[in-house]
1. I need the phi-derived Karplus couplings for segment 160-175: 6.51 cos²θ - 1.76 cosθ + 1.60, θ = phi - 60°, integer Hz, Gly and Pro marked x.
2. What is the spread of the Cα atoms of segment 136-275 along each of their three principal axes, largest first, in whole Å?
3. Carbon-plus-sulfur fraction of the accessible area of the chain, 1.4 Å probe, in percent?
4. Roughly what angle does helix 265-274 make with the longest principal axis of the chain, taking Cα atoms, 0 to 90 degrees, to the nearest 10?
5. Amide H of GLY61 versus every other amide H placed in the peptide plane: which residues, excluding those fewer than 5 positions away on the same chain, fall under 5 Å?
6. Count the net charge of all other residues whose Cβ sits under 12 Å from the Cβ of GLY295, scoring Lys and Arg as +1 and Asp and Glu as -1.
7. Quick one: helix 2-16 against the long Cα principal axis of the chain, what's the angle to the nearest 10°, folded into 0 to 90?
8. Order HIS37, HIS59 by their accessible area, 1.4 angstrom probe, all chains in place, largest first.
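The values are calculated or read from the model by the stated rules, or taken from the named source; none is laboratory data. None of these values were measured; they are calculated from a predicted model. Note that we place each Cβ from the backbone using ideal geometry, even for glycine, and neighbour counts take in every protein chain shown. The area values use the complete protein model at the heavy-atom level, side chains included, leaving out ligands, DNA and RNA. Shrake-Rupley method; radii C 1.70, N 1.55, O 1.52, S 1.80 Å.
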Amino acid sequence: MLLVAAIAAASLVVAGCTPAPPPPTEIPHTGPDARTHWELRHRLLDTRGLSVVGQQIDHGGESTTVRLTDAATNVSEDCFVALSVPGQGGPDNKVGERVATTYEGRPAVRSGAGAEADYLMWRLEDDSWVEVSCAGLDSRTSIERVAAAVDLEPTPIMIPFDVGLPDGYAPAEIVVDLDRPSGRVYVGRLGRRPWSPEAELDLAYGAPELSSDPPGEPTTLAGRPARVDDTSTSPAVWVQEQGRWVYAGVTASDTGPYPNRRSELPAIRAIAESFTFAEDLTDPSTWLAADGVFG
């Protein structure tokens with residue numbers, strides 16, 4: 001009888017007095033704050049033999065890819081300029097010797113023995129870091145040429161379309177290739193991190209891996225020819241504009257896992273229906289300032 005009573009009492013405790021689950025653990029804020037201003041903080045001055053071929057911006061910083069061409073030999077070399085957000089970047093993760101120096105009166109670091117590539121980086125007053133590096137070996141002269149062209153002035157990053165994002169979504173990264181030309185906007189859902197969304201959707205024009213004859217069911221969206229692919233692991237919508245296909249779909253890992261993401265198709269479709277486009281998709285000078293699209 002004592003055992004039965006004890007079991008009954010325990011049952012009453014479990015049934016009526018189950019302790020509340022602990023509150024969810026907050027993710028510590030270890031990364032940069034969410035970006036709300038989608039404009040570059042730097043540009044490259046017009047310089048003979050130097051051309052801008054690409055730009056990138058995300059929540060941690062921004063970069064510009066430039067091509068240096070020797071007028072005498074017509075040999076080209078690619079370099080990049082990167083600018084971190086305040087409190088990010090710096091030489092701590094660089095391999096090899098880090099040689100302390102100055103650049104235009106600012107604290108700076110150059111690559112030394114054992115470095116993976118030549119670089120020059122200098123720290124700004126707001127604790128941002130500017131880095132210049134080039135692909136060629138023994139590229140210090142090229143680095144000096146590019147560094148001399150860096151101008152810390154607000155500069156728009158242009159994208160080929162305007163787009164409306166559903167509630168709960170925000171840009172995660174913008175990448176443009178001015179050689180191709182092509183433009184991509186990666187989009188994430190707010191709340192996955194307290195400071196910035198991860199790239200979960202991919203909106204792209206001109207990406208080489210996108211088929212000229214995309215899969216999916218033919219339809220019409222917002223008056224444009226379209227294809228809707230409801231594949232469970234990689235749902236996507238293509239819309240045709242100016243004789244070219246523009247893509248809206250999920251970002252997926254090359255190695256898995258491959259979850260069913262068909263539930264994201266309504267958001268993807270809404271994004272595809274919201275597209276409006278630059279006057280000439282093949283001419284980046286007609287593209288739209290990202291800060292105006294997402295401002």
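1. x, 8, 9, 7, x, 9, x, 3, x, 10, 8, x, 10, 6, 10, 9
2. 54, 39, 31
3. On the way: 8250 of 15820 Å².
Solvent-exposed carbon and sulfur of the chain make up 52 percent of the total.
4. The angle comes out near 40 degrees.
5. VAL85
6. After counting each charged neighbour, the total is -2.
7. 50 degrees
8. Output order, biggest surface exposure first: HIS37, HIS59.
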